[in-house]
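Beneath this line is the structure, given in structure tokens, with notes to follow.
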Amino acid sequence: MPPLTRWFLKSALAYLVVSLLIGVTLAVPEALGLPSAIAALHPVYVHLFMVGFVAQMIFGVAFWMFPRYSKDEPHGNEHLALVTYVALNAGLIARTVAEPMLALRPGAGWAAILILSAALQWLAALAFAANTWARVKER
């Protein structure tokens, strides 16, 4: 298993644990009928689960298991895969901070970070698609 796949998968598992912990934290005040400022974490919960866990798990397994790109580069362009990993995680971490802060203390700075985070995640998706496209071919 390539080292980058291990990074993707271990990060995905960490995001799974954190997202579900946030899910439990969100459920407690709601179940007790208490008002809570932590409701601003709901988008974080969703993003950590769907992007941090699900997408990252898919990216890691695809990088590892999809058909070879070539004998010299079996997993495609490793630098592009690294860009995918870094951009996805940087965008996700930025979003994890900016999204609840924007909800609680609206401001242009938090909005700019949120836009940057979305752009980084989009860049990660483009890099993943570009690196994986040639590996999905007819035989």
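The values are calculated or read from the model by the stated rules, or taken from the named source; none is laboratory data. Since this is a predicted model, take the numbers as computed values, not measurements. No Cβ is skipped: glycine too gets one built from the backbone with ideal geometry, and neighbour counts run over all protein chains shown. Heavy atoms of the whole protein, side chains included, go into the accessibility calculation; ligands, DNA and RNA do not. Shrake-Rupley method; radii C 1.70, N 1.55, O 1.52, S 1.80 Å.
Grab the beta carbon distance between Val61 and Leu20, set R0 = 22 Å, and tell me the FRET efficiency rounded to 0.05.
0.65
Can you pull the percent of the chain's accessible area that's carbon plus sulfur, 1.4 Å probe, other chains left in place?
About 74 percent, which is the carbon plus sulfur part of the accessible surface.
Cα centroid distance between the range 118-134 and the range 46-82, in Å?
Here the two parts' Cα centres lie 10 Å apart.
Order of 52-65, 74-87 by packing, highest average Cβ count within 10 Å first?
Taking the mean over residues of other Cβ atoms within 10 Å, the ranking is 52-65, 74-87.
Where only protein heavy atoms count, and the probe is 1.4 Å, what is the accessible area per residue for the chain in Å²?
60 Å²
Can you tally the net charge around Val51? Count Lys and Arg as +1, Asp and Glu as -1, for every other residue whose Cβ sits under 15 Å from the Cβ of Val51.
0
If each residue of separation counts as 0.36 nm, what is the full-extension length gain between Ala27 and Lys10 once their alpha-carbon separation is subtracted?
Roughly 3.5 nm would be gained on extension.
At what distance in nm do the modelled label points of Asp72 and Ala129 sit from each other, each positioned 7 Å from its Cα along Cα→Cβ?
Between Asp72 and Ala129, the simple spin-label model gives 2.7 nm.
R0 = 41 Å: FRET efficiency of Val136 with His42, Cβ-based, nearest 0.05?
E between Val136 and His42, to the nearest 0.05, is 0.75.
Let me make sure I get this right: for the range 1-131, a, b and c are the square roots of the gyration tensor eigenvalues over alpha carbons, sorted descending. Under 1.5 in a/c it's rounded, otherwise prolate if a/b > b/c, else oblate. Which is it?
It is oblate, given that a/c is not under 1.5 and a/b is not larger than b/c.
Less than 14 Å from a label point 7 Å out along the Cα-to-Cβ axis of Ala103: which backbone N atoms in the range 14-56 qualify, by residue?
Correct set: 22-30, 35-49.
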